[in-house]
Amino acid sequence: MPNRNHSKSAWLLNAEVQTKVEEVSGRWEVYLIFINTLNPMEFLVVPMGDYRTEKLANIYALYMQKTASKDFRGTKKIDKDAYNFDRN
């Protein structure tokens with residue numbers, strides 16, 4: 001993870017934190033995704049670890065998301081319309 005004192009990574013202090021859990025080679029890998037709330041096209045994906053079951057990975061992901069997020073109440077959200085997806 002970049003140094004938080006650097007001006008280019010200052011947005012991480014106010015970022016929304018989401019998680020991603022996926023199966024890779026029989027293990028469940030957990031990733032934290034830091035999304036800039038002012039510019040949703042700027043994000044950082046950080047691998048956090050892998051677990052033997054999906055349930056353990058989801059528990060760890062939820063814990064890490066709450067720990068890493070500056071916004072404990074979960075009020076910082078990105079605008080879902082900020083991404084221009086063509087659903088064809």
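The values are calculated or read from the model by the stated rules, or taken from the named source; none is laboratory data. The shown structure was predicted, so the numbers you read here are calculated from the model rather than taken from an experiment. Quick reminder, even Gly has a Cβ in these numbers, built from the backbone with ideal geometry, and neighbours come from all protein chains shown.
Listed here are the residues, each with its yes/no results for (1) at pLDDT 90 or above; (2) closer than 21 Å to Ser9 by Cβ.
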position	(1), (2)
Thr37	no, yes
Phe43	no, yes
Asp50	yes, no
Asp81	no, no
Phe85	no, no
Asn88	no, no
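Does Lys66 satisfy being at pLDDT 85 or above, within 15 Å of the chain's Cα centre (by Cα) and not aromatic (Phe, Trp, Tyr)?
no
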